[in-house]
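The values are calculated or read from the model by the stated rules, or taken from the named source; none is laboratory data. No experiment lies behind these values; they were computed from the predicted model shown. Because the Cβ atoms are built from the backbone with ideal geometry, glycine has one as well, and the counts that use them run over all protein chains shown.
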Amino acid sequence: MATVKDFRNNVRPNWCPGCGDFSVQAAIQRALANLGLEPEQVAVVSGIGCSGRISGYINTYGFHGVHGRALPAAQGLKLANRDLTVIAAGGDGDGFGIGLGHFIHAVRRNLDITYIVMDNQIYGLTKGQTSPTSAHGFKAKTTPNGNIEHAVGPVQVALAAGIGFVAQGFSSEINQLTRLVEEAIRYKGFALVNVFSPCVTFNKVNTYDWFKQHIVNLEEDPAYDPTDRVRAMQKVLETGGLCIGLIYKEERPSYEELIPGFKPEPIAWQNLELDPAVFEECVREFA
Amino acid sequence: MIRGVTHRMLEELSWKVGGQQGEGIDSTGETFATALNRRGYYVYGYRHFSSRIKGGHTNYKVRVSTKRRLASADYLDILIAFDQESIDFNIKELRPGGVVIADEKFHPALPEGAGAVLYTVPFTQLAETAGSSIMKNMVALGASVYVLDLPVDIFAGVIHDTFARKGQKVVDQNMEAIRQGYNYMKEHGDNRAKLQLKPAAGSGQHLFMMGNDAIGLGALTAGCRVMAAYPITPASDIMEYLIKKMPKVGGVVVQTEDEIAAINMIIGAAYGGARAMTATSGPGLSLMMEAIGLAGMTETPVVIVDTQRGGPSTGLPTKHEQSDLYAVLFGNHGEIPKIVLAPSTAEECFYETVRAFNLAEQYQCPVIVITDLALSLAKQTVEPLRLEAVQIDRGKLVREVDPSHLNGQLFKRYAFTEDGISPRVIPGVKGGIHHVTGVEHNEVGRPDESAANRARMMHKRLKKLEGVELEGSLSFNGPEDYETLIVGFGSSRGPIEEAVERLNSEGRRVAHAHIKVLAPFPTKTLSTYTEKAHNVVVVENNATGQLSKIMKFFGISVPTRSVTKFDGNPFLPGELYQELKGLV
């Protein structure tokens, strides 16, 4: 059986020392080992940005596509091979800026994949521009006088779009994050884990200390019920989105389970030759 | 005005039904066309429509011939009109002796000086007698075949196939409506315009399909099991067809949120080992460009169908054009190997779609199948399609890896090889782990932006198609000693064939080369034909002569002249003949 070590490769991430993404990488590796998966059974699909490089830093199959489109690619991969554990990953710019449309529709579609967002409220790879999750008033290279737009709330959007599993984690809470990623992968359907993953180089506002001061850990509230969608939305609004833990979970069939005629055997391994009887039937319709 | 009895024996017939959109004009046309196709005629059906659901003039034009015809006729013999607009809009197409059969309900009138015969038939009233006014179309079909001296039973099979699932009563009522129309003409019509169609030569084994049907069936037969697309005219039929069929083969069609999602989804699916496709038109193709580059860079085999319509922007969304050539050849940024296939008949749409999936996997690159609105949507007689001609070739696909060969290294998905094509392993295979990225990468797929690696990898990818001319890159027809060579692609095959036939029958020496592979461009093959010609004329439906410029770009050195049309309609054979006559 594979251990955490088997999910490590010898590639040194091009992240800055202290970047929150290191914890996310480690949490994913631990979660995969804890779940008893083998490296070849997993594919990480990522977009563009610092965090988008993560698909190259975990010893599994990895696909690094174009900016903002990790989710469509991950969904396509899952349709081709439903036996694979598919994890999509990327940053807040990738997922909630250029890719926000895909996010909402991936939620609606509900394929059995896990989406891990490393949310640092800034564009890091392009060296410090405002992101869609940057707060109103946030100063960065593209908002020198303060952000006059308002931040998108990823969890609010997810809940509004009808998501079946949503959790938030924090890079400083790696044990909790590992558990959340594990649970998200085990969940049969689209699962979002939004992670507060501080950028130590460009974001001098939303620092580790800042998060520690502002975050509410839902696991510390025994009365919190993650199966109540209305309560979940209320909690997220109350905390300004700054809550971590499992926020909402609901069991229901995934997309793959609802596709008419979809087979248990992955498409990737099926015989492609068309049954002559089916061909004849198709042709007859045009006679 | 035509007086007295007219009996004319026709080699072919042009028939049209016109009315308001939403009145069942399409199904009327299709019923007529299918019935005659089954009788062994060669049939070509073209619908004129706009992007409205209801209202606005629409018509369906059917050409029935004793030989293969791939274009609408310039003229009309019979016009069925459900409103006055249909008469006013189409009367100019009627040739002398032509017949208009119109619903009495709107008190039809021919414009002054129109050389046609008008029959006024109470379509609606007779349909009510048969059961319901919605069957007025059937009454019109009955009236049509009376004029043609054909029996009403030619519709029995089609009516049965269309309505049997609604019960025998509906079948009987529709046939009754057809008989009502026939009998009314027999009782009230005179013999002012009796037309007779020469008996059909065909076996009746032919199919009747539009290009989009053939692409859908071709994809299914080629083993496509994932399709992702966003609705767009004139491509949506392909998605709709596959949605109906995929459950039979365990495949899936996803209607995505946009074309960007569609292309990225099929790239993910193809990376995962499925044969995957999308289908779109110009606006969607524009949105897909970045990801087409990704498919080229990551050597992922995907098939993209571009059904061209009038551009740019929203352009003429329901009209015909061939103006995406530059886009499909040069639209993406950066440089990638890419294959572009351009079928010209529905039959070719089937076989070229199959070939597209094979080429995509053999060369591990995106393949674009480019059609145009007329090819995608016009229905035409098709020779029986042969399953035994379909071979699935997955190229260098690897499903098993001996991990002892790896020495602890990753799988060399992008190994440098003689032909530039590397073994392709799919996720899930033990020992196959590698990285895939749109960033420049090394043999195991890890980012590597070093100058030496960049040069070597670019060369590796581009080498796959360097100097390659695919089989059947073009078709040639004409006399050995031709003086003029006409070059075209896509659905203009039909009008070109007819124009050339007419010119040659008048003693001109004209040949026709029709390009079926636009990339890699068949410079060598095409130049053997252009070199022999005194005169090369390129026929295309765009304003700037894209094909003729592309020919020059790819090294066809002889000067060419262009005949273009970009008003939203395909060439009519007679119209093209007139244009070419002045040039040959």
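Give segment B:381-407 a look and list any residue that's outside any loop (DSSP other than H, G, I, E, B) and within 11 Å of chain A (Cβ to nearest Cβ), or say none. The answer is B:Thr381, B:Val382, B:Leu387, B:Glu388, B:Leu397, B:Pro403. Restricting to segment B:245-284, name every residue that is crowded, with 24+ Cβ neighbours inside 10 Å, more than 23 Å from the chain's Cα centre (by Cα), within 7 Å of chain A (Cβ to nearest Cβ) and assigned to a helix (DSSP H, G or I). Within segment B:245-284, B:Ile260, B:Ala261, B:Asn264, B:Met265, B:Ile267, B:Gly268, B:Ala269, B:Tyr271 qualify. Would it be correct to say that B:Val444 is within 14 Å of chain A (Cβ to nearest Cβ) and in a strand (DSSP E or B)? No.
Per the listing A:Thr142, A:Thr133, A:Thr60, the residue uniquely touching a residue at least 12 places away in the same chain (Cβ under 8 Å), polar (S, T, N, Q) and within 30 Å of B:Gly273 (Cβ to Cβ) is A:Thr60. Taking the condition buried (at least 17 other Cβ atoms within 10 Å of the Cβ) and either touching a Ser or Thr at 6+ places or on another chain (Cβ under 9 Å) or modelled with pLDDT of 95 or more (or both), does B:Ala116 pass? For B:Ala116, the condition - buried (at least 17 other Cβ atoms within 10 Å of the Cβ) and either touching a Ser or Thr at 6+ places or on another chain (Cβ under 9 Å) or modelled with pLDDT of 95 or more (or both) - is not met. Can you name every residue in segment B:429-476 that is farther than 30 Å from A:Val44 by Cβ and hydroxyl-bearing (Ser, Thr, Tyr)? Answer for segment B:429-476, where residues must be farther than 30 Å from A:Val44 by Cβ and hydroxyl-bearing (Ser, Thr, Tyr): B:Ser473, B:Ser475.
On the given criteria, is B:Lys61 assigned to a helix (DSSP H, G or I) and either free of Cβ contacts under 8 Å to residues at least 60 places away in the same chain or not assigned by TED's automatic domain parsing to the domain that holds B:Leu148 (or both)? No.
Conditions (1) at pLDDT 95 or above; (2) within 14 Å of chain B (Cβ to nearest Cβ); (3) part of a loop (DSSP other than H, G, I, E, B), marked per residue:
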site	(1), (2), (3)
A:Arg82	yes, yes, yes
A:Tyr115	yes, yes, no
A:Ala151	yes, no, yes
A:Ala158	yes, no, no
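Within segment A:260-283, being over 16 Å from B:Leu220 (Cα atoms) and crowded, with 19+ Cβ neighbours inside 10 Å holds for one residue alone: A:Pro266.
All but one of (1) crowded, with 23+ Cβ neighbours inside 10 Å; (2) without any contact (Cβ under 8 Å) to a residue 24 or more places away in the chain; (3) touching a helix residue (DSSP H, G or I) at 6+ places or on another chain (Cβ under 6 Å) hold for B:Thr124; state the number of the condition that does not hold. B:Thr124 satisfies all of (1) crowded, with 23+ Cβ neighbours inside 10 Å; (2) without any contact (Cβ under 8 Å) to a residue 24 or more places away in the chain; (3) touching a helix residue (DSSP H, G or I) at 6+ places or on another chain (Cβ under 6 Å) except (1). You will find that of A:Glu238, A:Glu219, A:Glu257, A:Glu250, the residue that is surrounded by fewer than 18 Cβ atoms within 10 Å (Cβ to Cβ), within 14 Å of another protein chain (Cβ to nearest Cβ) and either under 30 Å from A:Asn81 (Cα atoms) or not aromatic (Phe, Trp, Tyr) (or both) is A:Glu257 and no other. Residues of segment B:330-369 that are aliphatic (A, V, I, L, M) and in contact with a Gly (Cβ under 7 Å, 6 or more places away or on another chain): B:Ile336, B:Ala342, B:Ala346, B:Val354. Restricting attention to segment B:490-516, the residues that are surrounded by fewer than 21 Cβ atoms within 10 Å (Cβ to Cβ), closer than 18 Å to B:Tyr44 by Cβ and in contact (Cβ under 8 Å) with a residue 40 or more places away in the chain add up to 1. Only one of the listed residues (B:Ala374, B:Ala415) is over 30 Å from B:Ser27 (Cβ atoms) and touching a Ser or Thr at 6+ places or on another chain (Cβ under 7 Å). That residue is B:Ala415.
In the set (1) within 25 Å of the chain's Cα centre (by Cα); (2) in a strand (DSSP E or B), B:Val99 fails one condition alone, (1). When you scan segment B:217-234, do you find a residue that is without any contact (Cβ under 8 Å) to a residue 12 or more places away in the chain, at the interface with chain A (Cβ under 7 Å from one of its Cβ atoms), farther than 26 Å from A:Val42 by Cα and not small (Gly, Ala, Ser), even just one? Looking through segment B:217-234, none of the residues is without any contact (Cβ under 8 Å) to a residue 12 or more places away in the chain, at the interface with chain A (Cβ under 7 Å from one of its Cβ atoms), farther than 26 Å from A:Val42 by Cα and not small (Gly, Ala, Ser). Can you tell me which residue in segment B:283-321 is nearest to B:Tyr60 (Cα to Cα), limited to those that are touching a residue at least 40 places away in the same chain (Cβ under 8 Å) and small (Gly, Ala, Ser)? So the residue we want is B:Gly310.
Conditions (1) surrounded by fewer than 24 Cβ atoms within 10 Å (Cβ to Cβ); (2) farther than 21 Å from B:Thr256 by Cα; (3) of a type in the set (Lys, Arg), marked per residue:
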| site | (1), (2), (3) |
| --- | --- |
| B:Leu294 | no, no, no |
| B:Thr300 | no, no, no |
| B:Asp306 | no, no, no |
| B:Gly315 | yes, yes, no |
| B:Lys319 | yes, yes, yes |
| B:Tyr326 | yes, yes, no |
| B:Cys349 | no, yes, no |
| B:Phe357 | no, yes, no |
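The rows are residues; the columns are (1) within 12 Å of chain B (Cβ to nearest Cβ); (2) among the small types (Gly, Ala, Ser); (3) touching a helix residue (DSSP H, G or I) at 6+ places or on another chain (Cβ under 6 Å).
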residue: A:Ala89; (1), (2), (3): no, yes, yes
residue: A:Asp92; (1), (2), (3): no, no, no
residue: A:Gly97; (1), (2), (3): no, yes, no
residue: A:His102; (1), (2), (3): yes, no, yes
residue: A:His105; (1), (2), (3): yes, no, no
residue: A:Arg109; (1), (2), (3): yes, no, yes
residue: A:Ile122; (1), (2), (3): no, no, no
residue: A:Lys127; (1), (2), (3): no, no, no
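Residues in segment B:286-314 that are under 19 Å from the mean Cα position of the chain (by Cα) and not in a strand (DSSP E or B): B:Arg309, B:Gly311. In segment B:423-438, the count of residues that are within 8 Å of chain A (Cβ to nearest Cβ), in a loop (DSSP other than H, G, I, E, B) and farther than 21 Å from B:Ser404 by Cβ is one or more.
Within segment A:33-60, work out how many residues are assigned to a helix (DSSP H, G or I) and either more than 13 Å from chain B (Cβ to nearest Cβ) or at pLDDT below 95 (or both). Going through segment A:33-60 one residue at a time, the tally reaches 3. A:Asn10 falls short on exactly one of the conditions (1) over 15 Å from the mean Cα position of the chain (by Cα); (2) modelled with pLDDT of 95 or more, and that condition is (2).
Among the residues of segment B:180-195, is any small (Gly, Ala, Ser) and within 14 Å of chain A (Cβ to nearest Cβ)? No, there is no match, as no residue in segment B:180-195 is small (Gly, Ala, Ser) and within 14 Å of chain A (Cβ to nearest Cβ).
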